[in-house]
Amino acid sequence: MQEVDNSIDVSAFDVVIVGAGIGGGALATSLAKNGVKVLLLEKSLVHKDVVRGEWLAPWGVREAKKLGLMDLYIGAGGHRPQKHVTYNEFMTTSEAQQRTVDFSNLFEAPLCFGHPATCNLLNDAAMQAGVIFLRVVSKLRVRSGYPPTVQFSHDGNDYTAHPRLVVGADGRNGVVAKQIGCQLFHDEEHHLFSGMLVEGAHDWPEELQVIASEGDVNVLAFPQGSGKVRIYLGWPKQDRTRLLGTQGQAKFLESWQLKCIPYADTIVHATPVSRCISYPNFDAWVDSPVREGVVLIGDAAGRNDPIIGQGLSVAHRDVRLVTDALLKNQSWTTSIFEYYVAERAKRMARLRTCARLTTLRDSAFGESGRKLRHEIHRRIADNPELEAPFSAAFVGPHNVPAKAFSPEICEAIVGGPLWSSR
Ligand SMILES: Cc1cc2nc3c(=O)[nH]c(=O)nc-3n(C[C@H](O)[C@H](O)[C@H](O)COP(=O)(O)OP(=O)(O)OC[C@H]3O[C@@H](n4cnc5c(N)ncnc54)[C@H](O)[C@@H]3O)c2cc1C
């Protein structure tokens, strides 16, 4: 029998993208639609639900629109909540509801969609645009340079490619950043955070997303339509084993027995349809996401603390800025990414401040933490100017005045200096 040569010609590509998640899939689609020859490499066989990344902030929706991806997301069933309420034990239900954020007063409503389904959607769109997509890629090795080198194995073949550019879109545990010598920084772990998908929550208002804190839990709910809701739970890091074992899902749901949220019972009695994986919550970043012939995007370039759900919006903006830099320039040297690098550093620093403040407002636990949460809510109620840094999570850090992130404003919110690792 004649042997079949299933190898591919890796010399044919302008760009090799490592990681076919949201960032990698969106960038591959965007570049291929503009005539760039792209090879997209993914290590997994299928995209699994890792209980994260399913709420696209209003400013992220705007980025997705600019990339021409919103029709794709809506066509595949993306759901758009119209209202947001923050509940807590320090105010009555009606006081909380008086502060409802009505997204029709913002430039966009957010979007709730399933993460694995969206990765598949983007992978399909990329292939339709001409991208060659390889799954179950292993032994990945990237070296910076002009040209860069990317080595990998696929389907029994070993490859060495020298494209014009390698993009690291390999997420929070990616290897590209380390392989090209990026320095990694991170905040200290503050608390633990877990997500779970439930269905059968038909009494949860489909137009309403909620954040609430009470006792030693911080919960969040993002409806996806037809009784499905992506729920999250934050709790003290000292209680590491809270969700471990076979009772994890049941304990997650029990944590929703909160007095401060109407409809909480709907979640308590809903049916889990995913695992509940726990993550430590903190911000992490690299010195610079660019080396010769290599650029990092999305979580690989540094990730914001998930407490404010910004990673997808960040990835979409990264994709747009990197696409612009590549399409506007003939010569792909590191200097074409100067704007991306500077803008991203500023964007992530502001989001870091927003996440640190939100952590203290919503997820400071224990007696002293509870007291601090109460004081922060009171200070904000007394001085609405102090809402400004928090609004970055909805309208985008670039749409909030710089002063909102100043040490003075932070101190006025927290009652002392806000911690800083950089
Ligand atoms: C608990 C939690 C909740 C969150 N909730 C939200 C939210 O509601 N909204 C929001 O905006 N953000 C949220 N985030 C953040 C969000 O999930 C990420 O920021 C987002 O998924 C980043 O997208 P990405 O494409 O950079 O990385 P990923 O989505 O992680 O994709 C990376 C891809 O690269 C692949 N890969 C990795 N290594 C290799 C390799 N060596 N070779 C080939 N492929 C590789 C992976 O398999 C994966 O497919 C949350 C995060 C957590 C932890």
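Taken together, the values in this text are just the output of simple stated rules run on the coordinates, not laboratory data. Quick caveat, the model's predicted, so the values are computed rather than measured. As a convention, Cβ positions derive from the backbone with ideal geometry for all residues, glycine included, and neighbour counts pool all protein chains shown.
Taking other Cβ within 10 Å of each residue's Cβ, how do Ser331, Ser313, Ser278 sort, fewest first?
Ordered by Cβ neighbours within 10 Å, fewest first: Ser331, Ser278, Ser313.
Quote the charge dipole size of segment 361-414 about the Cα centre in Debye, to the nearest 20; the model charges only the Cβ of Lys and Arg (+1) and of Asp and Glu (-1).
On the way: 7 positive and 8 negative charges, 29 e Å.
Once rounded to the nearest 20, the dipole reads 140 debye.
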Taking amide hydrogens as modeled 1.01 Å from N in the peptide plane, which residues meet the under 5 Å criterion relative to Tyr279, leaving out close sequence neighbours? Phe193, Ser194
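At 30 Å minimum axial length over the Cα atoms and a Kyte-Doolittle cut of -0.5, report the qualifying DSSP H helices in the chain, or say none.
Details: long enough: 338-362 (35 Å, -0.76).
Length and hydropathy pass: none found.
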Highest GNM mean-square fluctuation among Leu106, Leu312, Leu253, for the chain with Cα springs under 10 Å, belongs to Leu106
Given only helices, namely DSSP H runs of n ≥ 4 each adding -39500 (n - 2.57), what is the per-residue ellipticity at 222 nm of the chain, to the nearest 500 deg cm²/dmol? -10000 deg cm²/dmol
What chymotrypsin sites (Phe, Trp or Tyr not before Pro) in segment 97-163 are in a loop by DSSP, with at most 14 other Cβ atoms within 10 Å of the Cβ? Phe107
Can you list the lysines whose alpha carbon sits under 24 Å from that of Lys237, skipping same-chain ones fewer than 8 residues off? Lys251, Lys259, Lys371
For a test of the definition: using alpha carbon positions, the gyration tensor, and the 1.5 limit on a/c, classify segment 106-156 as rounded, prolate or oblate. prolate
Arranged by the count of other C-beta atoms within 10 angstrom, fewest first, what order do His202, His115 take? His202, His115
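Applying a 10 Å radius around every beta-carbon, put 94-101, 141-148 in order of their mean neighbour count, most first.
Values: 94-101: 12.9, 141-148: 17.1.
Taking the mean over residues of other Cβ atoms within 10 Å, the ranking is 141-148, 94-101.
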Just tell me which lysines come within less than 22 Å, Cα to Cα, of Lys48; anything on the same chain fewer than 8 places away is out. Lys139, Lys228
Kindly provide the pair-distance distribution of the chain built from C-alpha pairs, with 10 Å bins from 0 and whole-percent values in order of increasing distance. 4, 22, 31, 25, 13, 4, 1, 0, 0
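How large is the dipole of the chain about the Cα centre if only Lys and Arg carry +1 and Asp and Glu carry -1, each at its Cβ, rounded to the nearest 20 debye?
On the way: 45 positive and 46 negative charges, 116 e Å.
The calculated dipole for the chain is roughly 560 debye.
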Got the relative contact order for the chain handy, in percent, Cα pairs under 8 Å and 6 or more residues apart? 19 percent
Top of Gly19, Gly114, Gly248 by mean-square fluctuation, Gaussian network on the chain, Cα under 10 Å: Gly248
Quick one: of the DSSP bridges fully inside the chain, what percent are antiparallel, nearest 5? 70 percent
Say the dipole of segment 113-209 comes from +1 at the beta carbon of Lys and Arg and -1 at that of Asp and Glu; which of Val198, Gly168, Leu140 then lies farthest toward its positive end? Leu140
Quotient of Cα Rg and 2.2 N^0.38 Å for segment 361-414, N being how many residues it contains: 1.17
The rounded separation in angstrom of the Cα centers of segment 356-385 and segment 252-271 is 23 Å
Residues Tyr279, Tyr340 in order from fewest to most other beta-carbon atoms within 10 Å are Tyr279, Tyr340
Separation between Cα centres of segment 1-55 and segment 388-422, rounded to whole Å: 37 Å
Could you give each residue of segment 154-167 its phi-based ³J(HN,Hα) in whole Hz, using Karplus coefficients 6.51, -1.76, 1.60 with θ = phi - 60°, and x for Gly or Pro? 8, 6, x, 10, 9, 10, 10, 10, 10, x, 6, 8, 10, 10
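In this model, which of Lys83/Lys403; Lys65/Lys403; Lys37/Lys83; Lys33/Lys178 are farther than 32 Å apart at the alpha-carbon? Before the final figure, lay out each step's value.
On the way: Lys83/Lys403 27 Å; Lys65/Lys403 28 Å; Lys37/Lys83 41 Å; Lys33/Lys178 30 Å.
Violating the 32 Å limit, Cα to Cα: Lys37/Lys83.
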